[in-house]
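Asks: The following block contains the structure, expressed as structure tokens.
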Amino acid sequence: MVVVVVGSILALVGIAGVLAGGALTWAATTQRDGGGYFHTDTERFSSGTYAITSDDVDLGTGKRPRDWGVDLGDLLRVRLRAQPAERDVPVFVGIARTSDVERYLRGVAHDVVRDVDLDPFRINYRTVVGRGTPGPPGDEHFWVASSGGAGRRTVVWEPTSGNFTVVLMNADASRGVTADASVGVAVHHLWAIVAGLFVVGALLLAVGIALIVVTGHRATSSAALAPEGAGAPPVDAAVPAAVATPAAGEGRPAGAVDPLRLRATLDEPLSRWLWIVKWLLVIPHFVVLAFLWLAVVVLWVVALFAILFTGVYPKGIFDFNVGVLRWTWRVAYYATGVMGTDRYPPFSLDPGADYPASLEVAYPEHLSRGLVLVKWWLFAIPHYVIIGIIGSGFWIGVFRFNGGRWSPGGWGTWGGGLLGILVLIVGIRLLFTGRYPRDMFGLVVGLNRWVFRVAVYVLLMTDAYPPFRLDQETDEVALR
């Protein structure tokens, strides 16, 4: 499991690197101007005070990046442009260390930009009151980069270590500043960074996938070498005739092929109260399953291309995905989806010899190359709607009616999917009677089977379209 978790993290970082490289490629080819700058739109900045300043700009190039030997000036170049809204009022734009700006504007009324909304454009200022009058900014010598005068002014600056503040004023330091300004950033060695993201991302993704596939294949291979019959669920002599095991093909519509074999045995007696805390007890499973399903998503992409080009689902990936589905079904059976046993689920991808919930998927020798492109989204839409109703679980929301619309906070409400509501009813019945309703058990397992059939189809593990049925009364639900 440790190897699978590590592989999942590496694969996730690799995907992020590849996506970042793709995003930078798109931005570099479509969003830069002729000078190589990524530039904001020109917007109006206005204040009735003596100056408009940015909030303290911490470039993050203090002690830590200096220890790493990194300087933003080696990576970025910043360009500020400003022009007066009124032609007869020259404008000044400058960048200086925050401490120098604070000393220059101490006791002087000015506005500090605290927040900028881009769509629609809106600026939130924090006004600093004062009675002093500043001297002309061009007479000061602490600016690291500045420009003042009539017309459009441009300041180009390569960042260095420290905290800095951008200042926008009238060149004569008069009250009432109104100017149109924009900011641009050029990235040095951009294409080298893009190439590095692609190469490192692809390597991490390949290593992560290899770790997941090899580990999952070894786990399932070990399970396959177990003694014959070790993975089969126990046969219960008390199984009613209505749910007895039929011969091959019996109990299903003619011509139906179901690659999923999901079994469940009601493991009574059940505790009256344990169901209340089962969700808390399986938190470690939730953590591990989060990484396992991340690995499944990564491997799904690999499997899609493998099927598209070869028509074959890679066996190692298939076995791993079956193991994750099996693990998920055990946790759901114990805590959240059925509550049909009080036996804690094992941390394992293997079939398991004696757990009352099991899952198997028949391996397909060949899959349609064309169908793989549409079945997981287009063909599965009807089932997505249904399992959204079945398996949405419980949700709790807190809302309030404010300004003509609902927003978070205030009144509380709750709801749940069909499966979540049924399991809650089962829990209440257990609490007061200590018995699991038999009909309810068949219905709950049937709903879970529907969800898992769709999961198998969407994971590209079969071309057999999921049937619109519950199969509540087959050999796959054993009561005792």
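Every number in this text was worked out from the coordinates using simple rules, so none of it is lab data. Keep in mind that this is a model prediction, so the values were computed, not measured. FYI the Cβ positions are ideal-geometry reconstructions off the backbone, even for glycines, and counts take in every protein chain you see.
Asks: Using a Förster radius of 56 Å, what is the FRET efficiency between Ser348 and Ser174 based on their Cβ-Cβ separation? Nearest 0.05, please.
Replies: Using R0 = 56 Å, I get an efficiency of 0.15.
Asks: List the relative contact order of the range 95-190 as a percent without decimals, with contacts defined as Cα pairs under 8 Å and 6+ residues apart.
Replies: Rounded, it is 30 percent for the range 95-190.
Asks: Express the relative contact order of the range 33-192 as a whole percentage, based on alpha carbon pairs under 8 Å and six or more residues apart in sequence.
Replies: Dividing the mean separation by the residue count of the range 33-192 yields 46 percent.
Asks: With the convex hull built on the Cα atoms of the range 33-192, state its orientation-averaged projected area in nm². It would help to have the intermediate numbers written out before the result.
Replies: Working: hull surface 40.8 nm².
So the Cα hull casts an average projection of 10.2 nm².
Asks: If I model a spin label as a point 7 Å beyond the Cα along the Cα-Cβ vector, how far apart are those points for Leu19 and Ala210 in nm?
Replies: It is 2.4 nm.
Asks: Zone of Ala202 (label point 7 Å along Cα→Cβ, backbone N under 20 Å): which residues in the range 5-23?
Replies: It comes to 10-23, nothing else.
Asks: May I pose another question? List the residues whose amide H sits under 5 Å from the amide H of Leu76, counting only those 5 or more places along or on another chain, with H placed 1.01 Å from N in the peptide plane.
Replies: His188
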